[in-house]
Amino acid sequence: MKKQVIGVVGCGNISDIYLENLTGIFKDLVEVKSCTDLSRQRREEKAEKYGVEAVGSLEDMLADPEIDIILNLTTPPVHAGVDLAAVQAGKHVFSEKPLAVTLDEAASVLGEAKQKGVRVGCAPDTFLGAGIQTARHLIDEGVIGDVVSVSACMACHGHESWHPNPEFYYQTGGGPMMDMGPYYLTALVNLAGPITRVAGMANKAFGTRIMTSPERNGDTVEVEIMTHVTGAIEFAGGAAGTIITSFDIWKSDIPRIEVHGTKGSLSIPDPNTFGKGGNELLLCKGSSGEWETVPLTGFSYEENSRGLGVVDMALAIGQDRPHRASGELAGNVLEAMIGFEIAAESGKYYELSKRLNMRPAAMVKGIKAGARWK
Ligand SMILES: NC(=O)c1ccc[n+]([C@@H]2O[C@H](COP(=O)([O-])OP(=O)(O)OC[C@H]3O[C@@H](n4cnc5c(N)ncnc54)[C@H](O)[C@@H]3O)[C@@H](O)[C@H]2O)c1
């Protein structure tokens, strides 16, 4: 099977783990040919570090007939523009999250890709890791019965304490829901099915944030978006959910994700990890009243395996099957995230468009890391 060839756009903070994994643990499954960034220094630095070509512009990368997939690691307001350019050039595209910052942008990327016959994939891909896949397997096996409710919470105090360029977190397309919601909601759709309807409330504790990262200590950033967003969620299968995402909370012990079924409950590992490095997967069966730890032994990729989603898409192209971290899935998640704020403003439920066939296939159990999967 032909190895799909990837060009990376955006050589910032997150590009290292992608480039490290795609040229490391995934090197037998895909090839990274080149990278580009508006900053010459960044693109040349990453190119040298990972042994790929530095390309001067996105246009030059799109003109390269050897590139099959554009991996878009730019900041959120730029995602849709880069995706659209890639799709119009006849390339498949896999974007960092969120898919876009408006529903119109997302629709135009997905619509254009359909017309051109190319694929759109989107982060996060953490739900393909051992943590959430083990939970999915337990749910599919009926261990907790029918899923009736879920809860999710992402509480922190923002990113200006560590990120050297934190502005985008506080501009349109940023905020706790658009930034972290994709991990939580993608995990929930994978575990409980597509989202059909949401309600929401939102607010903002600080109009200005003061950076404390070593590079920008004392600089300020104006906050354009809501920094505390809560929502109620209805799933197609009938389950009811709640979510809190916040950049305004100093400390919280609310569990990250719990899934409750008719026969038991699951406490899910941090969906911003692949299974390791956060909380354990816990199962409580029926009336036992006790959590038991579930080992993540059946599935690979429990370490930081960013790139897993684009590799799944690359394999899916060769195998002519749907890829898991799909644009449709990201579209459902984006619509829910925007829907919470629309509902908060209007005081009414927000009904999502019908995307009922986008719950991704579960990963195959027992595949060794680095081996091909279907
Ligand atoms: N930093 C993290 O820990 C993290 C984790 C997971 C996901 N993400 C996501 O990854 C994306 C990138 O985040 P980041 O932290 O790496 O941001 P960053 O600002 O560090 O890097 C983004 C890079 O994209 C480049 N860029 C912007 N527009 C471009 C264009 N038109 N053509 C070429 N290059 C362009 C910028 O010059 C910059 O180097 C965001 O969507 C973010 O949500 C970040």
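The values are calculated or read from the model by the stated rules, or taken from the named source; none is laboratory data. These numbers come from a predicted model, not from an experiment. Cβ coordinates were reconstructed from backbone atoms using ideal geometry, including for glycine residues, and neighbour counts include every protein chain displayed.
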Of residues in the stretch 161-175 being surrounded by 18 or more Cβ atoms within 10 Å (Cβ to Cβ) and among the hydroxyl-bearing types (Ser, Thr, Tyr), the one nearest to the ligand (Cβ to nearest atom) | 169
Within the stretch 176-193, can one find any residue that is of a type in the set (Ser, Thr, Tyr), surrounded by fewer than 20 Cβ atoms within 10 Å (Cβ to Cβ), in the same structural domain as residue 136 (by TED's automatic domain parsing) and modelled with pLDDT of 95 or more?
-> no
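Only one of these is hydrophobic (A, V, I, L, M, F, W, C), within 11 Å of the ligand (Cβ to nearest atom), closer than 15 Å to residue 10 by Cα and in the same structural domain as residue 316 (by TED's automatic domain parsing): 101, 82. Name it. Even if it seems obvious, please write down each step before you answer.
Working: 101 fails: closer than 15 Å to residue 10 by Cα.
Every option except 82 fails the conditions.
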Only one of 246, 252, 287, 267 that is more than 16 Å from the ligand (Cβ to nearest atom) and over 24 Å from the mean Cα position of the chain (by Cα) = 287
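Output the strands (runs of 3 or more DSSP E) that fall wholly within the stretch 177-267 and possess 1 or more residues being among the charged types (D, E, K, R), free of Cβ contacts under 8 Å to residues at least 24 places away in the same chain and under 15 Å from residue 156 (Cα atoms), or say none.
Details: elements: 195-203, 208-210, 220-222, 228-235, 240-246, 257-261.
Output list is empty.
So which of 38, 99, 103, 62 is surrounded by 20 or more Cβ atoms within 10 Å (Cβ to Cβ) and over 18 Å from residue 125 (Cβ atoms)? Steps first, please.
On the way: 38 fails: surrounded by 20 or more Cβ atoms within 10 Å (Cβ to Cβ); 99 fails: over 18 Å from residue 125 (Cβ atoms); 103 fails: surrounded by 20 or more Cβ atoms within 10 Å (Cβ to Cβ).
Being surrounded by 20 or more Cβ atoms within 10 Å (Cβ to Cβ) and over 18 Å from residue 125 (Cβ atoms) holds for just one of 38, 99, 103, 62, which is 62.
When only residues in the stretch 41-69 that are within 18 Å of residue 17 (Cβ to Cβ) and within 11 Å of the ligand (Cβ to nearest atom) count, which is farthest from the chain's Cα centre (by Cα)?
Taking the stretch 41-69 first, the residues within 18 Å of residue 17 (Cβ to Cβ) are 42-43, 45-52, 69.
Within this subset, residues satisfying the condition of being within 11 Å of the ligand (Cβ to nearest atom) are 42-43, 45-46.
Numbers: 42: 24, 43: 24, 45: 26, 46: 23 Å.
The extreme case among them is 45.
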Residues located in the stretch 1-40, provided they are over 23 Å from residue 83 (Cα atoms) and either free of Cβ contacts under 8 Å to residues at least 24 places away in the same chain or within 11 Å of the ligand (Cβ to nearest atom) (or both) = 24, 27
